[in-house]
1. Please tell me if residue B:144 is under 30 Å from residue A:92 (Cβ atoms) and either assigned to a helix (DSSP H, G or I) or without any contact (Cβ under 8 Å) to a residue 60 or more places away in the chain (or both).
2. Quick one: which residue in B:97, B:92 is touching a residue at least 12 places away in the same chain (Cβ under 8 Å), farther than 20 Å from residue A:104 by Cβ and aliphatic (A, V, I, L, M)?
3. Identify, please: which residue in segment A:91-105 is facing another protein chain (nearest Cβ under 7 Å) and among the small types (Gly, Ala, Ser) and is, among those, surrounded by the most Cβ atoms within 10 Å (Cβ to Cβ)?
4. Suppose the filter is more than 28 Å from the chain's Cα centre (by Cα) and either facing another protein chain (nearest Cβ under 7 Å) or open to solvent by less than 30 Å² (accessible area, probe 1.4 Å) (or both); does residue B:135 pass it?
5. Pairs, please: C-beta under 6 Å, at least 6 apart or cross-chain, first residue at the interface with chain A (Cβ under 8 Å from one of its Cβ atoms) and over 15 Å from residue B:129 (Cα atoms) and in segment B:66-80, second open to solvent by less than 80 Å² (accessible area, probe 1.4 Å) and assigned to a helix (DSSP H, G or I)?
6. Restricting the search to segment B:80-117, which residues are over 19 Å from residue A:77 (Cβ atoms) and either of a type in the set (S, T, N, Q) or assigned to a loop (DSSP other than H, G, I, E, B) (or both)?
7. Exactly one condition in (1) open to solvent by less than 60 Å² (accessible area, probe 1.4 Å); (2) farther than 30 Å from residue B:159 by Cβ is not met by residue B:204; state its number.
Amino acid sequence: MGNHPLVKKIMKDQRGTAMVLELLLVAVVVLAVGAALIARNNAASTTGPAPQAKNSSKLSTAPTGSVDNAVDAISQETAGDQTAASEEGAVVPQTDLSTGSAQNVETSYNENNF
Amino acid sequence: MTGLGLMLAVASFPASALAVTSVPMTTSGGFCTKLSADETAITSGLDNRINTMDKNRTTHADNLASQRATFDATVVKNRAQWDTDRQQNFTALQKKATTSDETAAVGTFEQTVLGLVQTHRSTIDSARDTFRSAEDQLIAGRQNQVNTAISDFQSSISSSESTAQSSCNAGTTQSTVRTTFVGALKSARSALVSALGQVRPIASAVKSLAATRTAAVQAANSDFTAAVKAAGATLKTALHQT
């Protein structure tokens, strides 16, 4: 019965269908793995360490011998001193009044106890 | 005495005698006896609080000095880096000079810039020193006002104690002495609170000083930048970089 032409044709068709299904399954797995890798990379890039602040006094570009370049670089020197200066005084110094130390002197005694 | 006699005796007791016994004997009765101990307690309480205030002042001064030292260290570090960077630019410019005139022009530019840097830094340092000096004066002025208020407070207390002691020695009724003493202490406290309330905060004055210093720094920056650009323009012509 297995040698019947019709049976042979059916068996041949089933193997072809199976191969197609196997190929589709492999493709799905490959796509899933790829998508997972991409998602992991994206997640890593958003939770990575914050960029380090650059040293404001360091040259942003290497000296080229251009006068304009040199003048621009030298003029940047003003920014640092201004930053350091403006930070000072932003916080008002504490005093014995601001911390209540002086006011506490009035509680040295309770005259009602005498 | 019969029951009726006792009732009549109570009814005829002077009302003024009852009024006297209504004053707590534990408070005024031994007032003169324990006045010395009370004075010691007052002095001890005052000393403790003044010591606390002095310690806080020292802490505040240390914090301020530390902050200033941090700013100074930052400025020194940055300036050293700028010196290095600037020298790299000078070296690159020197390499562009191919004739003696061009070399001289670069040398002039360097000396001009170094002079401008010196002036700029001196101006900024002066502005910072002026700010700090004025800030110190504000703090000291405020502390002096507080010190005066506390000193007056101590004098008033001392005077009250002397008066009370004299009254006790003169045989004045203890309740009277106590009433006068307590009243004087209340007045002293009230005067202290009033005096401290008149001491002006320094926050707005410090910010005003900071604004003045910032304006001086910005003016120095503008002068520096303009002068460097002018020197650069001269050098560009000499090096034919126009």
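The values are calculated or read from the model by the stated rules, or taken from the named source; none is laboratory data. Only a predicted model underlies this, so the values are computations on that prediction, with no experimental measurement involved. Backbone-built Cβ (ideal geometry, glycine too); neighbour counts: all protein chains shown. Just so you know, the surface numbers come from the protein's heavy atoms only, side chains and all, with ligands and any DNA or RNA stripped out. Shrake-Rupley method; radii C 1.70, N 1.55, O 1.52, S 1.80 Å.
1. For residue B:144, the condition - under 30 Å from residue A:92 (Cβ atoms) and either assigned to a helix (DSSP H, G or I) or without any contact (Cβ under 8 Å) to a residue 60 or more places away in the chain (or both) - is met.
2. B:97 is the lone residue from the list that is touching a residue at least 12 places away in the same chain (Cβ under 8 Å), farther than 20 Å from residue A:104 by Cβ and aliphatic (A, V, I, L, M).
3. Among those that are facing another protein chain (nearest Cβ under 7 Å) and among the small types (Gly, Ala, Ser), it is A:102.
4. no
5. B:74/A:84; B:78/A:80
6. B:94, B:97, B:98, B:99, B:100, B:103, B:108
7. Evaluating residue B:204 over (1) open to solvent by less than 60 Å² (accessible area, probe 1.4 Å); (2) farther than 30 Å from residue B:159 by Cβ leaves (1) as the failure.
For every residue, the table says whether it meets (1) surrounded by fewer than 13 Cβ atoms within 10 Å (Cβ to Cβ); (2) touching a Leu at 6+ places or on another chain (Cβ under 9 Å); (3) among the basic types (Lys, Arg).
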{"position": "B:85", "(1), (2), (3)": "no, yes, no"}
{"position": "B:94", "(1), (2), (3)": "no, no, no"}
{"position": "B:101", "(1), (2), (3)": "yes, no, no"}
{"position": "B:104", "(1), (2), (3)": "yes, no, no"}
{"position": "B:111", "(1), (2), (3)": "yes, no, no"}
{"position": "B:118", "(1), (2), (3)": "yes, no, no"}
{"position": "B:125", "(1), (2), (3)": "no, no, no"}
